[in-house]
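*Asks:* Please see the structure below; I have some questions.
The values are calculated or read from the model by the stated rules, or taken from the named source; none is laboratory data. In this text the structure is predicted, and so the values were computed from the model without any measurement. Cβ placement follows ideal geometry from the backbone for every residue including glycine, while neighbour counts extend to all protein chains displayed.
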Amino acid sequence: MQTEWQKKLMMLLGILGAGLVIGQSVLATLVWPVYNVATYPLAVLTANGSPYQLSFMLLNGVAALLILLSLFTILNNYRHAKQEKLSKALQGLIMALVLWLGLQLLWPLSNPAMATMGGTPIRNGVVSIGIILVAYALYHYSQPLRKQGDSSLANVLLVFSILFVLFHVLAYIMQVIGWSLQGFFDVLATDSLAAGLGFIGWYYWQRWSR
């Protein structure tokens, strides 16, 4: 069993990981002037042929590792406390995130231009399924949290799960109608997920700091 300071450190690392995800669009505009955050979805940063593909893949990989470390710390705490429903729900969220992150890192777009052209039908279908799985996993995790009295965390996760799907839908609509806001809503979708995961770390950091 981890000590209190070790658990708090893991939560801070999770918050840092979420911050890295949220900050990548800002970093991209600084290092790659061609990148337009309003027009281009984040997938362009890790697309094959992108000048900073390796750097942003590494950034996303590190961020994912930090977030997963914080979630595994919480999972171990649930198991130690024999909170079965929370354990199963968080396991489901971790699995959904691993699939989602694996898709982003292991199946990048074939070239940067594909980001604005809509990608391929097969990849788009798999990505859509991934979005639904992650959103459902967040919602599913919020339910046992609410039942045990953590309604504030449950409400935040519910809101971010809705925003994650909503912003992805809006990004798709922008692409279909030809408005140059696909990237803007794609960034908001990714930031919504990262903010929700970061809030989990902050919530438990506060609890274990009392």
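*Asks:* What about Q2, is it part of a helix (DSSP H, G or I), at pLDDT below 95 and touching a helix residue (DSSP H, G or I) at 6+ places or on another chain (Cβ under 9 Å)? Let's see the steps before the verdict.
*Replies:* Numbers: part of a helix (DSSP H, G or I): no; at pLDDT below 95: yes; touching a helix residue (DSSP H, G or I) at 6+ places or on another chain (Cβ under 9 Å): yes.
So Q2 does not fit the description; no.
*Asks:* Of all residues in the stretch 157-210 being charged (D, E, K, R) and buried (at least 19 other Cβ atoms within 10 Å of the Cβ), which is farthest from F72 (Cα to Cα)? Let's see the steps before the verdict.
*Replies:* Keep residues of the stretch 157-210 that are charged (D, E, K, R), which gives 186, 191, 207, 210.
After this cut, where a residue has to be buried (at least 19 other Cβ atoms within 10 Å of the Cβ) as well, the list is 186, 191.
On the way: D186: 27, D191: 21 Å.
Only one residue tops the list, namely D186.
*Asks:* Here's a check for you: in the stretch 162-201, which residue that is of a type in the set (S, T, Y) and touching a residue at least 24 places away in the same chain (Cβ under 8 Å) is nearest to I131 (Cα to Cα)?
*Replies:* T190
*Asks:* How do the helices (runs of 4 or more DSSP H) wholly within the stretch 40-133 filter down when requiring 3 or more residues that are more than 18 Å from V187 (Cβ to Cβ) and free of Cβ contacts under 8 Å to residues at least 12 places away in the same chain: which remain?
*Replies:* Numbers: elements: 53-80, 84-106, 114-117.
Correct list: 53-80, 84-106.
*Asks:* Being within 30 Å of Q143 (Cβ to Cβ), of a type in the set (G, A, S) and surrounded by 18 or more Cβ atoms within 10 Å (Cβ to Cβ) narrows it down to one residue among A81, A63; which is it? Walk me through how you get there before you give the answer.
*Replies:* On the way: A81 fails: surrounded by 18 or more Cβ atoms within 10 Å (Cβ to Cβ).
The match here is A63.
*Asks:* Further question on the same structure: What are the residues in the stretch 1-34 that are within 15 Å of W208 (Cα to Cα), in contact with a Ser or Thr (Cβ under 7 Å, 6 or more places away or on another chain) and of a type outside the set (D, E, K, R), if any? Can you show your working first?
*Replies:* Applying the first criterion (within 15 Å of W208 (Cα to Cα)) to the stretch 1-34 yields 1-15.
With the extra rule that they be in contact with a Ser or Thr (Cβ under 7 Å, 6 or more places away or on another chain), the set shrinks to 2, 7-8, 10-11, 13-14.
Q2, M10, M11, L13, G14 - these are the residues of the stretch 1-34 that are within 15 Å of W208 (Cα to Cα), in contact with a Ser or Thr (Cβ under 7 Å, 6 or more places away or on another chain) and of a type outside the set (D, E, K, R).
*Asks:* Now a separate question. Somewhere in the stretch 11-27, is a residue closer than 20 Å to L145 by Cα, assigned to a helix (DSSP H, G or I) and either touching a Leu at 6+ places or on another chain (Cβ under 7 Å) or modelled with pLDDT under 95 (or both)? Full working, then the answer.
*Replies:* Taking the stretch 11-27 as the starting set, the residues that turn out to be closer than 20 Å to L145 by Cα are 11, 14-15.
From what's left, assigned to a helix (DSSP H, G or I): 11, 14-15.
Filter once more, so that each one left must be either touching a Leu at 6+ places or on another chain (Cβ under 7 Å) or modelled with pLDDT under 95 (or both): 14.
Yes, the conditions are met somewhere in the stretch 11-27.
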